[in-house]
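Report on the following structure.
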Ligand code: BTN
């Protein structure tokens with residue numbers, strides 16, 4: 001297995017259901033680590049927590065990467081972290097914009113989201129067999145073409161920088177960052193990825209309301225634990241560790 005070449009086989013599809021589904025299919029058929037499926041349009045793009053990822057043709061990036069990390073299932077969250085670090089680095093380098101991470105792994109500019117990561121994993125005996133690392137990035141969308149329910153919360157690189165961004169160039173830059181950070185993760189362990197992710201994540205130090213599905217936790221997000229959990233102190237002083245949820249100010 002070639003251990004550090006995400007991006008060495010890139011399959012382009014003008015239209016697909018979901019690039020994560022495509023990669024899961026290829027993973028089950030034994031395709032190599034590093035295989036990428038990129039689509040111009042997705043008919044049923046998936047986001048976190050069962051949401052739809054709006055995926056119109058011709059404007060954005062939707063792609064998934066097949067990874068076969070020698071990791072336990074419980075370490076899977078580190079793949080999403082290294083993807084977030086790779087996205088922020090690539091966007092900074094190529095566009096001069098100032099993206100950051102909002103916990104858990106939203107890619108933001110200012111108060112709005114430009115990208116997200118959906119990592120899906122197949123496992124056996126608590127070990128990861130393979131993972132589909134799915135990335136969606138709003139690149140050249142105009143505000144008017146965003147659906148009403150996301151207009152308030154989403155933006156694109158074009159809206160933020162005023163420049164049209166060459167999607168192919170951005171994809172290659174992201175894949176090159178992924179190659180670098182995946183190699184770091186596998187060779188050095190999670191520490192340097194976590195350190196960089198922590199510096200890019202602006203949620204600690206803010207007041208938050210986190211919706212976890214069945215409850216809303218309010219308080220001061222004072223840190224992120226080493227497994228990526230958000231540490232919140234409520235007004236009563238109680239400390240809560242949140243492993244998944246949506247953060248609002
Ligand atoms: C999120 O909710 O923030 C994660 C969004 C992930 C979307 C990407 S687009 C490419 C890949 N295919 C999918 O169906 N989803 C991911």
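Quick one: which of 125, 98 is without any contact (Cβ under 8 Å) to a residue 24 or more places away in the chain and in contact with a strand residue (DSSP E or B) (Cβ under 8 Å, 6 or more places away or on another chain)?
Numbers: 125 fails: in contact with a strand residue (DSSP E or B) (Cβ under 8 Å, 6 or more places away or on another chain).
Being without any contact (Cβ under 8 Å) to a residue 24 or more places away in the chain and in contact with a strand residue (DSSP E or B) (Cβ under 8 Å, 6 or more places away or on another chain) holds for just one of 125, 98, which is 98.
Please enumerate the residues belonging to the range 89-128 that are within 10 Å of the chain's Cα centre (by Cα) and under 26 Å from residue 72 (Cβ atoms).
To start, the set of residues in the range 89-128 that are within 10 Å of the chain's Cα centre (by Cα) comprises 101, 104-107, 115-119.
Matches in the range 89-128: 101, 104, 105, 106, 116, 117, 118, 119.
When residues of the range 130-142 are filtered for being assigned to a strand (DSSP E or B) and more than 9 Å from the ligand (Cβ to nearest atom), how many remain?
To start, the set of residues in the range 130-142 that are assigned to a strand (DSSP E or B) comprises 130-137.
Those still in the list that are more than 9 Å from the ligand (Cβ to nearest atom) too: 130-131.
Matching residues across the range 130-142 total 2.
So residue 198 fits all but one of (1) at pLDDT below 95; (2) in a helix (DSSP H, G or I); (3) farther than 30 Å from residue 71 by Cβ; what number is the exception? Here residue 198 clears every test but (3). Would you pick out the residues in the range 111-129 that are modelled with pLDDT of 95 or more and more than 15 Å from the ligand (Cβ to nearest atom)? Passing the criteria: 122, 123, 124, 125, 126, 127, 128, 129. The residue that is farthest from the ligand (Cβ to nearest atom), counting only those in the range 39-52 that are more than 15 Å from the chain's Cα centre (by Cα) and buried (at least 21 other Cβ atoms within 10 Å of the Cβ), is 39. Just need a number here: residues in the range 201-215 that are touching a helix residue (DSSP H, G or I) at 6+ places or on another chain (Cβ under 9 Å) and either part of a helix (DSSP H, G or I) or exposed (fewer than 11 other Cβ atoms within 10 Å of the Cβ) (or both). Of the residues in that region, 1 qualify.
Residue-wise test of (1) over 22 Å from residue 225 (Cα atoms); (2) touching a helix residue (DSSP H, G or I) at 6+ places or on another chain (Cβ under 6 Å); (3) in a strand (DSSP E or B).
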{"residue": "20", "(1), (2), (3)": "yes, no, no"}
{"residue": "31", "(1), (2), (3)": "yes, no, no"}
{"residue": "38", "(1), (2), (3)": "yes, no, yes"}
{"residue": "69", "(1), (2), (3)": "yes, no, no"}
{"residue": "88", "(1), (2), (3)": "no, yes, no"}
{"residue": "104", "(1), (2), (3)": "no, no, no"}
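Looking across 157, 185, one residue alone is farther than 16 Å from residue 82 by Cα, surrounded by 20 or more Cβ atoms within 10 Å (Cβ to Cβ), modelled with pLDDT of 95 or more and in contact with a helix residue (DSSP H, G or I) (Cβ under 6 Å, 6 or more places away or on another chain). It is 157. Residues that are near the ligand (Cβ under 9 Å from one of its atoms) and over 14 Å from the mean Cα position of the chain (by Cα) were ranked within the range 53-66; the one that is farthest from residue 244 (Cα to Cα) is 60.
The values are calculated or read from the model by the stated rules, or taken from the named source; none is laboratory data. These numbers were taken from a predicted model, which means no experiment stands behind them. Please note: Cβ atoms are built from the backbone with ideal geometry, for glycine as well, and neighbour counts cover all protein chains shown.
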